[in-house]
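Working notes, structure below.
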Amino acid sequence: KYKEQKKSNSQVITVEIKALDKITAIISTLNIKIGEEKNFGSLKIKPLKCKTSDIEQTPDTIAYLQVIDESVKNNDQVYVFNGWTFASSPSLRPLDHAIYDLWLVGCSNI
């Protein structure tokens, strides 16, 4: 069971994601506020939620991400990833993309 943290008015929840370009082998760190979008290559990444595990469980952070590949030019853009990802188990719900890999590092202000 995971609990969603309530943010105070002065704190903005930020999701930290590592992003790998498999062609250049460059790893970037992306810090994206909940509800905002950020581009990495042709990917548009939007985190919607971030939660931490309950005290009784092994500490973990999970985030709900939506990822669109903007290089796909059709009228009905489909998410290449739309779901929960776990900081402790990035391969549990991996992004399946030929050029890019993303994995959750954690969230701040939660």
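Structural remarks
- Extreme residue, modelled with the highest pLDDT, among residues of region 93-110 that are farther than 17 Å from Leu20 by Cβ and assigned to a loop (DSSP other than H, G, I, E, B): Asn109
- Per-region count, region 37-90, residues of a type in the set (S, T, N, Q) and under 17 Å from the mean Cα position of the chain (by Cα): 10
- Looking only at residues in region 33-61 that are assigned to a loop (DSSP other than H, G, I, E, B) and charged (D, E, K, R), the one that is surrounded by the most Cβ atoms within 10 Å (Cβ to Cβ) is Asp60.
Matching residues to (1) over 19 Å from Ile110 (Cα atoms); (2) touching a Cys at 6+ places or on another chain (Cβ under 8 Å); (3) of a type in the set (D, E, K, R):
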site	(1), (2), (3)
Leu20	yes, no, no
Ile23	yes, no, no
Ile26	yes, no, no
Leu30	no, no, no
Phe40	yes, no, no
Leu48	no, no, no
Leu65	no, no, no
Asp69	yes, no, yes
Asn74	yes, no, no
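- For region 62-89, residues that are open to solvent by less than 50 Å² (accessible area, probe 1.4 Å) and closer than 14 Å to Cys50 by Cα total 8.
The values are calculated or read from the model by the stated rules, or taken from the named source; none is laboratory data. Remember, predicted model here, so these are calculated numbers, not experimental data. Note that each Cβ is placed from the backbone with ideal geometry, even for glycine, and that neighbours are counted across all protein chains shown. What goes into the accessible areas is simple: the full protein's heavy atoms, side chains included, and nothing from ligands, DNA or RNA. Shrake-Rupley method; radii C 1.70, N 1.55, O 1.52, S 1.80 Å.
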